[in-house]
1. Looking only at segment 641-655, decide whether some residue is at pLDDT 90 or above and buried (at least 21 other Cβ atoms within 10 Å of the Cβ).
2. Which numbered condition trips up Ala229, out of (1) within 16 Å of the ligand (Cβ to nearest atom); (2) assigned to a loop (DSSP other than H, G, I, E, B); (3) at pLDDT 95 or above?
3. List the number of the failed condition for Ser126; all other conditions in (1) touching a Pro at 6+ places or on another chain (Cβ under 7 Å); (2) closer than 23 Å to Arg424 by Cα; (3) within 13 Å of the ligand (Cβ to nearest atom) hold.
4. Looking for something out of contact with any Phe, Trp or Tyr (no Cβ under 8 Å at 6 or more places or on another chain), under 18 Å from Arg439 (Cβ atoms) and crowded, with 17+ Cβ neighbours inside 10 Å - is there at least one such residue anywhere in segment 360-381?
5. Taking segment 236-252 as the search range and keeping residues that are surrounded by 24 or more Cβ atoms within 10 Å (Cβ to Cβ) and among the charged types (D, E, K, R), which one is nearest to the ligand (Cβ to nearest atom)?
6. With respect to Thr53, determine if the residue is β-branched (Val, Ile, Thr) and touching a residue at least 24 places away in the same chain (Cβ under 8 Å).
7. Is it the case that some residue within segment 404-421 is among the charged types (D, E, K, R), modelled with pLDDT of 95 or more, surrounded by 22 or more Cβ atoms within 10 Å (Cβ to Cβ) and in a loop (DSSP other than H, G, I, E, B)?
8. Would you check which residues across segment 56-87 are of a type outside the set (A, V, I, L, M), touching a residue at least 24 places away in the same chain (Cβ under 8 Å) and surrounded by fewer than 24 Cβ atoms within 10 Å (Cβ to Cβ) and list them?
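The values are calculated or read from the model by the stated rules, or taken from the named source; none is laboratory data. In this text, all values refer to a predicted model and were calculated from it rather than measured experimentally. Cβ sites come from the backbone with ideal geometry, for glycine too, and all protein chains shown count toward neighbours.
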Amino acid sequence: MSVDLDRLVAALRPEERAALTAGADMWTTVPIERLGIPALRMSDGPIGARGATADHQSLTPSVAVPCGAALGASWDPALVAEASAIVARQALEKGARVLLAPTVNLQRHPLWGRNFEAFSEDPLLSGVLASAYIEGVQDEGVAATVKHLVCNETEFERYTSSSDLDERTLRELYLLPFEFAVRRAGVLALMTSYNRVNGRHVPDQARLVTEILRGEWGFDGVVMTDWWAMTITEEAGETGLDLEMPGPARSFGPALAGAVEAGRVDERHVAEKARHVLGLLGRLGLLDGAAGEPAAGATAEEHPQDRPEDRAALRRAAADSLVLLRNDGVLPLELAAPAGVALIGPRALHPPILGGGSAKVRPHYRLSLLEALRAAVGAGVEVEHEEGAGEAGIERAVALAGRSDAAVVVVGTDEVIESEGHDRISMALPAGQDELVERVCRANGRTVVVVTSGAPIALDSATGAAAVIQSFFGGQEVAHALADVITGRSEPGGRLPVTLPLRLEDTPAYGNFPGESSHVRYSEGLLVGYRWYEARRLAVAYPFGHGLSYTSFELGAPSCSTDRLEQGDALRVELTVRNTGQRAGSEVVQCYVAPPGETGRPGGRLRAPKELRAFAKVRLEAGESTGVVLELGPRAFAYYDVADTEWPELVARRPPTGDQGEQALHRSRPGWYVEGGRYALLIGRSSADIAHRLEVDVAGGDEPLDAATLPG
Ligand code: GLC
């Protein structure tokens with residue numbers, strides 16, 4: 001950026017500086033034509049570039065990549081970056097230079113309406129994939145906007161609800177993906193959430209946006225509100241919030257100028273906000289024009305392209321995001337002609353490709369799984385479709401399955417059921433689909449059940465299925481990908497980014513979702529997702545990280561670069577992965593860290609039984625081997641200590657008796673610390689399928705770790 005921002009900010013009149021702190025309209029910032037400062041156009045969203053229209057009907061078509069949960073299921077940063085670059089190019093074709101994505105809130109509860117948009121229940125998987133998404137977008141000259149800071153994990157009363165949680169949980173879980181976005185990916189913009197956190201709206205909290213985001217992490221990009229978020233108070237005039245969206249201005253802009261004139265807000269804060277907005281324009285090369293040039297982007301036409309190469313890339317991405325949960329050998333489907341396949345279910349003709357709300361786009365095209373499957377099964381194999389709706393429809397479906405060589409039943413939710421703006425009320429399949437699945441499975445022992453959803457679905461009705469595939473709204477090419485995977489042209493490359501629980505009552509946030517009296521208690525604390533089920537020793541339907549392949553792999557004995565780790569050092573785990581099967585496939589090697597000793601011991605500190613700290617995805621031909629290196633930095637073993645500044649005074653007032661019992665370690669300075677002890681490194685194919693256990697002695701430290709490190 002060749003622009004002298006100080007000079008440019010100084011050249012702005014006070015009312016111009018204030019004008020830059022609020023949008024001009026739904027999707028653009030305010031141009032300052034006197035100085036050649038153009039408007040900056042933005043566009044949703046994570047799945048595709050919607051463009052500049054407020055309603056869905058008038059949207060121009062857009063590419064539709066796999067949703068966040070599907071990208072999460074890929075466990076593949078390179079794939080995520082390739083998909084997000086496609087979205088970014090579509091944003092440019094619609095005149096936008098800021099993409100309002102990725103969504104990195106955690107899948108805390110199965111019923112959150114926007115689970116499909118988020119990557120995972122795990123903060124490290126979310127952070128690593130979000131970083132790849134951001135890099136893919138920003139390498140195309142578009143600013144990514146990591147959202148929604150923070151704890152936006154319910155749609156119920158989302159503007160007023162307060163997510164209430166302790167500082168350690170906030171740091172170790174919910175802030176971590178944002179920390180990755182800022183520190184690893186250099187995200188250029190960030191959106192605050194609608195909800196309150198511990199009783200206050202985020203834009204009004206200096207603690208989150210000024211002290212942590214800017215002060216600790218060094219973020220100097222633009223912080224914007226979510227659209228029409230709560231009226232921000234003048235306190236936000238002095239926090240790190242820069243931009244009120246959308247325009248026209250309500251609390252910022254002229255109102256902020258008035259607050260400055262009245263002496264209620266210091267003008268320096270307004271100048272800082274304007275500087276951040278100009279800094280973003282400068283980083284995007286939009287300030288290089290001479291003063292007085294017409295505003296670029298404000299009236300851009302939209303010319304979205306539908307490219308064959310994008311279709312091919314998204315077909316591969318969708319296959320790599322499909323998770324094969326169970327397979328008795330029926331897949332890949334190999335049928336000798338003449339044969340018949342029954343394609344059944346309300347989601348069979350057009351499997352849903354995305355979820356609802358601001359992430360929803362109007363795709364360039366919709367594919368039919370019936371056509372895709374007919375093209376994939378080859379000559380002599382007939383594919384016949386029956387929707388299976390209602391009693392008569394189920395009977396026809398059962399009859400069709402009964403006279404077919406195999407059956408594929410496609411059930412699940414869609415963008416109406418799973419959407420921004422409302423949560424689901426249960427994990428159950430929509431009415432009638434369980435009965436359809438059960439009766440078709442009974443009619444044909446070679447039934448494949450495909451579940452299309454953005455979040456966990458109760459799968460009790462599929463116990464009789466020969467195979468089950470989980471498809472997390474896999475984007476515009478998901479029908480081709482399903483046909484490719486079912487017939488074996490592609491391998492299902494996905495692994496679960498979220499635990500599939502047996503029942504809602506077992507879930508971590510049960511009883512605390514979606515909250516009551518305007519408060520959502522995050523009472524499960526650190527134990528989100530698999531951390532909960534493992535700490536409570538609860539059985540699940542399918543564990544985090546699970547996914548079958550069409551081939552098999554051997555994870556060779558790992559070696560560790562050290563068996564004693566000094567404070568602040570990093571270690572490396574190396575192993576060989578071999579494809580021991582008869583066909584090519586992909587494997588995701590996962591490394592979890594387990595803390596020393598029994599967690600939750602008296603005086604001890606609660607630690608999750610294991611935490612994902614590194615992973616690597618490899619693709620191997622039959623018989624091929626490759627080396628995998630997993631790097632673990634010092635924070636892979638750390639916890640966040642909020643410090644106990646009242647301890648010295650409490651100790652001073654204790655009775656002098658000797659029976660003080662075991663005492664915890666009370667730190668005086670907050671930060672990331674490592675408790676000394678013997679940690680286990682668990683290497684496997686899922687959180688529940690651990691192939692190897694290594695132990696390493698890790699030195700503890702009385703000083704906090706250098707804050708600039710990230711785990712994994
Ligand atoms: C929405 C969403 C946000 C989106 C914005 C603009 O309400 O919460 O993710 O980017 O408004 O549509």
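1. Yes.
2. The one condition Ala229 does not meet is (3).
3. Tallying (1) touching a Pro at 6+ places or on another chain (Cβ under 7 Å); (2) closer than 23 Å to Arg424 by Cα; (3) within 13 Å of the ligand (Cβ to nearest atom), Ser126 fails exactly one: (3).
4. No; the residues of segment 360-381 include none that is out of contact with any Phe, Trp or Tyr (no Cβ under 8 Å at 6 or more places or on another chain), under 18 Å from Arg439 (Cβ atoms) and crowded, with 17+ Cβ neighbours inside 10 Å.
5. Glu244
6. no
7. yes
8. His56, Thr60, Pro61, Pro77, Glu82
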